[in-house]
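Trainee: Before anything else, here's the structure in question.
Read the figures in this text as sums done on the coordinates, not as results from a lab. Predicted model, so just to flag it, every value in this text is computed and none were measured. Ideal geometry is used to build each Cβ from the backbone, glycine not excepted, and the neighbour counts take in all protein chains shown.
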Amino acid sequence: MKHALPGRLIVFEGIDGTGKSTQILLLGEYLRRQGHEVLITREPTDGQFGRKIRKLYADRKQVSQQEELELFLADRREHCQTELLPALRLGKIVLCDRYFLSTVAYQGANGFDPAMILEHNAFAPDPDLALIFEVSVATSLKRITQGRGEQLNDFEQEESLTRVSAIFDLLDLPYITRIDAEQTIEEIHRAVITAAQNIVPQPVSETLIES
Ligand SMILES: Nc1ncnc2c1ncn2[C@@H]1O[C@H](COP(=O)(O)OP(=O)(O)O)[C@@H](O)[C@H]1O
Ligand SMILES: Cc1cn([C@H]2C[C@H](O)[C@@H](COP(=O)(O)OP(=O)(O)O)O2)c(=O)[nH]c1=O
């Protein structure tokens, strides 16, 4: 659903380890320096459903794929109502680390029809900009292990990231901009600013100077 609220919603998408969390903080700092009010948030959230999802992952518990999909949708419904929509109504720039394209790609990789997943997210405002961070699966795996010191079940993880990545590659929606995330942190930051500038309104500070 396209929103007509005064704020802007920018979401950061892509497979794990592409540098989303790094870049969201850098863009947040940049926009705040420009005089914007910024909300930085993420999914899964820290709300009741998001905590449940993280706990399932941490405990390596298996739930049915249907249950998993429903948990992500419940988390997003709550996130929209309690955080995203109120912030957009106040004219804030909302930066969200993962949103419904992650459900399309990850739960799509689990076998659900991507188009059906998109329909189930019709309650959620469309982002004004969805940045899809693109790296090879090899780079993703390297960054995950380096950054977090996790011991990987290499083959399983490689296979599932490849499937998720293939769905991200196929997505074709008007608000998507693809970012080459193999570059340095500084180069990516510049590409992110360029994309954001197309949809972010003039900052309050500049409006005041001109009038
Ligand atoms: N452009 C980059 N080049 C090399 N390493 C990076 C880059 N961006 C992020 N990293 C590192 O890769 C790891 C994963 O980055 P992170 O921002 O947490 O990714 P994500 O949020 O997409 O999982 C971290 O250790 C981070 O410091
Ligand atoms: C938002 C969302 C995330 N996920 C997955 C992607 C991640 O592997 C996992 C946790 O997200 P996240 O905390 O972003 O993981 P990371 O910090 O490792 O990038 O949840 C889905 O499967 N569906 C969704 O709708």
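Trainee: To the nearest 20 debye, what charge dipole does the chain have about its Cα centre, counting +1 at the Cβ of each Lys and Arg and -1 at the Cβ of each Asp and Glu?
Mentor: My answer is approximately 600 debye.
Trainee: Go from 0 up to the bin containing the longest alpha carbon distance in the stretch 46-106, width 10 Å each, and give me the % of pairs per bin.
Mentor: Going out from 0 Å in 10 Å bins, the stretch 46-106 shows 20, 50, 24, 6 percent.
Trainee: List the lysines whose alpha-carbon lies under 24 Å from that of Lys2, not counting same-chain residues fewer than 8 positions away?
Mentor: Lys20, Lys92
Trainee: Counting other beta carbons within 10 Å of each residue's own, what order do Thr45, Thr18, Thr194 fall into, fewest first?
Mentor: Thr194, Thr45, Thr18
Trainee: Counting other C-beta atoms within 10 Å, and keeping those with at most 13, which DSSP coil chymotrypsin sites (Phe, Trp or Tyr not before Pro) do you find in the stretch 80-178?
Mentor: In loop regions of the stretch 80-178 (DSSP not H, G, I, E or B), the sparsely surrounded chymotrypsin sites (Phe, Trp or Tyr not before Pro) are Phe123.
Trainee: May I pose another question? Out of every Cα-Cα pair in the stretch 8-204, what percent are more than 20 Å apart?
Mentor: Counting pairs separated by more than 20 Å, the tail of P(r) holds 56 percent.
Trainee: Follow-up. So for the chain, taking the charge dipole from beta-carbon charges (+1 Lys/Arg, -1 Asp/Glu), which of Ile15, Ala109, His3 sits furthest toward the positive end?
Mentor: With unit charges placed on the Cβ atoms, the residue in question is His3.
Trainee: Please give the residues of the stretch 116-141, grouped as numeric ranges, whose backbone N is less than 18 Å from a label point set 7 Å along the Cα-to-Cβ vector of Asn110.
Mentor: Hits in the stretch 116-141 for Asn110 at 18 Å: 116-122.
Trainee: Please work out the Cα convex hull volume for the stretch 82-121 and give it in Å³ per residue.
Mentor: Expressed per residue, the convex hull around the Cα atoms of the stretch 82-121 is 77 Å³.
Trainee: Further, regarding this structure: Add -39500 (n - 2.57) for each DSSP H run of 4 or more in the chain, then divide by its residues: what number comes out at 222 nm, to the nearest 500 deg cm²/dmol?
Mentor: Mean residue ellipticity, 222 nm, calculated: -14500 deg cm²/dmol.
Trainee: Residues with amide H under 5 Å of Leu39's amide H, sequence separation 5 or more or different chain, H placed in the peptide plane at 1.01 Å from N; which?
Mentor: Ile93, Val94, Leu95
Trainee: For the pair Glu159 and Glu70, what calculated FRET efficiency results from E = 1/(1 + (r/R0)^6), where r is the Cβ-Cβ distance and R0 = 25 Å, to the nearest 0.05? All intermediate terms of the calculation are to be shown ahead of the outcome.
Mentor: Numbers: r = 25 Å, r/R0 = 0.98.
Efficiency, rounded to the nearest 0.05: 0.50.
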